[in-house]
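Following: one structure in structure tokens, then a few remarks.
Any read-out appearing in this document is the output of simple, stated calculations on the displayed coordinates, not a laboratory observation. Note that the structure is predicted; figures quoted are calculated from it, not measured. Because the Cβ atoms are built from the backbone with ideal geometry, glycine has one as well, and the counts that use them run over all protein chains shown.
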Amino acid sequence: MLIKNTMILDENLNIQEKKDIRIRDGKIAKIGEQLSFEEKEEVLEGKGFLFMPGLIDSHMHTGQQLLRGKVLDEMPMIWTRVMLPFESTLTEEKMRLSAKVAALEMIKSGTTGFVDAGSYFMETAAEVYEKSGLRGALSYSTMDQKGLPKSIEDNADSAVKKTDELYESVHGRGNLKVYYSLRSLISCSEELMEKAAMRALEKETMLQAHMNEYPGEINYFLEHYKMRPYEFLESRKLLGENFLGAHSLLLSEDEMEILKERKVKICHCPFSNCGKAAPKTPQLLKKGISVGLGTDGTAHGGMSLWNEMKIFRSIVNLVQGVPLAEPKIMPAGQILKIVLEGGAKALNEEGSLGVLKEGAKADIIGIRLMQPHLLPSGNLVNTLVESVNAGDVSHMIVGGELLMKDRRVLTMDEEEILFEAAKYQKGELGW
Ligand SMILES: [Zn+2]
């Protein structure tokens, strides 16, 4: 494929004009000017568009896709009152529809890669995601806490075995990977934590967990172990560069040092996090810790990372920038880097994803610039963060395959999926 005469966001986050991008074997083969057309090459006219790396959602929940609109303004604890009862009654049909709508929402929002935090019937979700062409990491929801609903009750060995099986059948299929997961530390026994961590290392894949999200979680560890959650994991030697800690909000100075020392990767989910705490991102970045952004799934305000970037900028600015009178506490270029490079690291693809450069994987999106809310712009990098929305993403290419052209999704039947989603909303599907 050849994208002709377009504007690009290069690897240093500078804007370059009148560039051609040649894509071959799933990668960006060449970026140049007036590249000559080669036989059998599909040509995409790039004039009026900005091509940039696809966004990466470092933390989402396929299994909560059908909870859109059911969480906002709810009383605590949302996990025990809403999420857990819903997820423990998931069925294969519900997961298939969830994955279809989630994939469609991501494609139409410019998200080319994602890390699913783990749910049930993940083989079914994998079938859908493989067909969608998206790049993603999937997990099985892993916990062995006593008192869980019967349908999801488990022990350490059987919980780990479920991810083993998912790994065998899904890892490496299409653009998909499988990660081990710990739903949250307080829902997992020490035995389960150790077994999941060991298996992730054996398979050379990542281990993810919801971390340092609630005061109750921190208090539990202080009460039982006289340690904070990351200190506990460190004491059990379970942390390393293959660990992805979602949220990671309530961090002590010592915990941040542990993250740095062990090269742990983290991500924040701004809209969802606003009900809990403001992230300490400037301090984390200063220590060289890899930070990504996630949406926490559709139940928490949808899956547009464009929205998350705006909320993230606002919250960090309000909580840290304003008290210091420091307007550049979280500059636009840094926010894009967090989503793109931090996301690439969350997907264990440092250097091969999240950058538009020769040799990188061709996961890119085209933004339609000729619109009154985007033009004219005195600084397009700022405009990407403060004004671009999901609906401005016109084209998407993942691994060299065109998934969306002029906002028409090519790998999925959008009309059919929306028809089924509307039927679900009206309760006409009987499930
Ligand atoms: Zn989550």
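Identify all lysines with a Cα-Cα distance to Lys260 below 20 Å; exclude those on the same chain that are fewer than 8 residues away in sequence.
Lys237, Lys280, Lys286, Lys287, Lys337, Lys345
Reachable aspartates and glutamates from Lys310, Cα under 14 Å, same-chain residues fewer than 8 places away excluded?
Counting by Cα, and skipping residues close in sequence, Lys310 has these aspartates and glutamates nearby: Glu386.
Tell me which trypsin sites (Lys or Arg not before Pro) from segment 187-233 have a DSSP coil assignment and no more than 15 other beta carbons within 10 Å of their own.
Lys226
Ordered by residue, what ³J(HN,Hα) values in Hz, to whole numbers, does segment 243-256 give under the Karplus form 6.51 cos²θ - 1.76 cosθ + 1.60, where θ = phi - 60° and Gly and Pro are x?
Residue by residue, segment 243-256 yields 9, 10, x, 6, 6, 6, 9, 8, 10, 7, 4, 5, 5, 5 Hz.
Mind putting a number on the dipole of segment 55-346 about its Cα centre? Charges go on the C-beta only, +1 for Lys and Arg and -1 for Asp and Glu, and I need it in Debye to the nearest 20.
On the way: 36 positive and 38 negative charges, 165 e Å.
Using only the charged Cβ atoms, the result is roughly 800 debye.
Given contacts defined as C-alpha pairs under 8 Å and at least six residues apart, what's the relative contact order of the chain, whole-number percent?
Dividing the mean separation by the residue count of the chain yields 20 percent.
Give the distance, in whole Å, between the Cα centre of segment 64-109 and the Cα centre of segment 204-247.
If we compute the Cα centre of each part, the gap is 25 Å.
For the pair Glu326/Glu202, report the inter-label distance in nm, with labels modelled 7 Å from Cα in the Cβ direction.
Result: 4.5 nm between the two label points.
Enumerate the amide H contacts of Ile367 below 5 Å, restricted to partners 5 or more residues apart or on another chain; note that Pro and chain-start residues carry no placed amide H.
Under 5 Å from the amide H of Ile367 lie the amide H atoms of Leu50, Phe51, Met52, Ser394, each far enough along the sequence or on another chain.
I'd like to know which of Leu259, Gly366, Ser158 lies farthest towards the positive end of the charge dipole of the chain, counting +1 on Cβ of Lys and Arg and -1 on Cβ of Asp and Glu.
Gly366
How would you rank 260-271, 406-417, highest first, on the average number of other Cβ atoms within 10 Å across their residues?
Answer by packing, highest mean first, reads 260-271, 406-417.
Could you sort the peptides 125-133, 53-61, 359-367 by per-residue average Cβ neighbour count (10 Å cutoff), highest mean leading?
53-61, 359-367, 125-133
Pull up all non-local amide H partners of Met227: gap of 5 or more, or a different chain, and H-to-H distance under 5 Å with H placed in the peptide plane.
Correct list: Leu222.
Suppose R0 equals 51 Å; then what is the FRET efficiency for Gln145 and Ser36 from their Cβ-Cβ distance, rounded to the nearest 0.05? Before the final figure, lay out each step's value.
Values: r = 61 Å, r/R0 = 1.21.
Here the calculated transfer efficiency is 0.25.
For the chain, count the residues as N, evaluate 2.2 N^0.38 Å, and divide the Cα radius of gyration by that value, please.
Normalised by 2.2 N^0.38 Å, the Cα Rg of the chain equals 0.95.
At 222 nm, what value in deg cm²/dmol follows for the chain if DSSP H runs of at least 4 each add -39500 (n - 2.57) and the sum is divided by all its residues, to the nearest 500?
Per the formula, -9500 deg cm²/dmol.
With θ set to phi - 60°, apply the Karplus curve 6.51 cos²θ - 1.76 cosθ + 1.60 along segment 378-384 and write out the HN-Hα couplings as whole Hz, x wherever there is a Gly or Pro.
x, 7, 5, 5, 4, 5, 4
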